[in-house]
1. Among T113, G40, A129, flag the residue with its Cα farthest along the positive direction of the charge dipole of the chain, charges on Cβ as +1 for Lys/Arg and -1 for Asp/Glu.
2. Would you mind working out the magnitude of the charge dipole of the stretch 6-126 relative to its Cα centre, with +1 at each Lys and Arg C-beta and -1 at each Asp and Glu C-beta, to the nearest 20 Debye?
3. Report the chymotrypsin sites (Phe, Trp or Tyr not before Pro) located in the stretch 32-137 that are in a DSSP loop and have at most 13 other Cβ atoms inside 10 Å of their Cβ, or state none.
4. At 25 °C and 0.890 mPa s, what whole-number value in µm²/s does Stokes-Einstein give for the translational diffusion of the chain, with Rh from the Kirkwood sum over Cα pairs?
5. Taking all protein chains as present, what is the carbon and sulfur share of the accessible area of the chain, in % to the nearest whole number, probe 1.4 Å?
6. With every protein chain present, what is the per residue accessible area of the stretch 6-46 (1.4 Å probe, Å²)?
7. To the nearest 0.05, how large is the calculated FRET efficiency for S27 and L86 if R₀ is 22 Å and r is the Cβ-Cβ distance?
8. What ranking do 102-111, 17-26 get when scored by the average of other Cβ atoms within 10 Å per residue, highest first?
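The values are calculated or read from the model by the stated rules, or taken from the named source; none is laboratory data. As the structure is a computational prediction, the values presented were derived from the model and not from experiment. Glycine gets a Cβ as well: all are built from the backbone with ideal geometry, and neighbour counts include every protein chain shown. To get the accessible areas, we keep the full protein, side chains included, count just its heavy atoms, and leave off ligands, DNA and RNA. Shrake-Rupley method; radii C 1.70, N 1.55, O 1.52, S 1.80 Å.
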Amino acid sequence: MPHPNPDTADLIAAATSVRENAHAPYSKFKVGAAIRTADGSVYVGCNVENVAYPEGTCAEAGAIAAMCAAGARDIAAVAVIADSPLPVSPCGGCRQKLAEFSKGDVPVTLTTTDGAVQETTVAALLPGAFDQDYMSRV
Ligand code: THU
């Protein structure tokens, strides 16, 4: 069934497409992520694993890197997709990475390849986020 919001459906489609390019020979768990910025641009990323396991990178990190490489900095919306039993939950590190570029209430759509959808926000994913306010004495 199509997602009710066409913008979100586009973002899920972009995440679904880039997921095919994931390099996940070790976990076999392919993930796709798509970020939209305020001007409507969409940046995508997939997980890229490495035989030296800690060197692997998440899909969200790839999408953030693509956004920054294009000179953009402000995330307006995010979608993440995986073949998981429940809508895929971004890891703690990716929550912090998303928070770095998310001002206000940025919607995050977490999905599965069989169509389950969970709507949340970057702020809801990372309560008590470390931010620059904590560095005000520096
Ligand atoms: N992974 C992501 O890319 N994003 C997520 O939100 C969850 C986990 C990747 C990391 C690793 O390549 C694989 O999924 C299994 O943890």
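1. Of the listed residues, the answer is A129.
2. The dipole of the stretch 6-126 has a size of about 200 debye.
3. F130
4. 163
5. 56
6. Accessible surface, normalised per residue, equals 50 Å².
7. 0.85
8. 102-111, 17-26
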